[in-house]
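Participant: I have a structure I would like to understand better, so I am pasting it below and will then ask my questions one at a time.
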Amino acid sequence: MNRLILLAGMILSTATAANAAQPSDQNAISAGHALSLEFCASCHVVAADQPKPPLYANAPPSFAAIATRGTTTTASLRRFVRTTHPTIAAPLKMPGVQVTDDQLDQIVAYIISLRHSH
């Protein structure tokens, strides 16, 4: 019995320490929303509160559409943003977005959060 209590205490303290070391999901989502409006809204519809529509008549998919794709994961979004760049053969590919890893994590958290709001 004492071992079980000790084990439960160790698990709880580990989980508490892990949660304390990470920003809350809501803070990451809010930061990602702000970053998306700054970096992504000129091409994508990123939010209903977006101040201006995308510049292109044939805009790429909205963030809500990307979020609800069956193949969209945190890893797939990170990989796409980090590796998709225009080339001479494909000049209309998404340009490289110059954000830190933390900023990318926040943008990805925001996109993933849109899956749950629809």
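Participant: Working from the alpha-carbon coordinates of segment 24-116, get Rg over Rh, Rh being the Kirkwood radius.
Facilitator: 0.94
Participant: Fully extended, how many nm does the chain gain between T87 and N27 (0.36 nm per residue separation, minus their Cα-Cα distance)?
Facilitator: 18.1 nm
Participant: Dipole of segment 24-116, Cα-centred, from +1 at each Lys and Arg C-beta and -1 at each Asp and Glu C-beta, to the nearest 20 debye?
Facilitator: Roughly 380 debye for segment 24-116.
Participant: Also: Order the peptides 41-53, 77-89, 101-113 from the highest to the lowest mean number of other Cβ atoms within 10 Å of their residues.
Facilitator: With the highest mean Cβ count within 10 Å placed first, the list reads 101-113, 41-53, 77-89.
Participant: Taking 7 Å along the Cα-to-C-beta vector as the label spot, tell me the F80-K52 distance in nanometres, rounded to one decimal.
Facilitator: Each label point lies 7 Å from its Cα, and together they span 2.4 nm.
Since every read-out is calculated from the coordinates, none of them should be taken as a lab result. The structure displayed is predicted, hence computed values, not measured ones. Note that we place each Cβ from the backbone using ideal geometry, even for glycine, and neighbour counts take in every protein chain shown.
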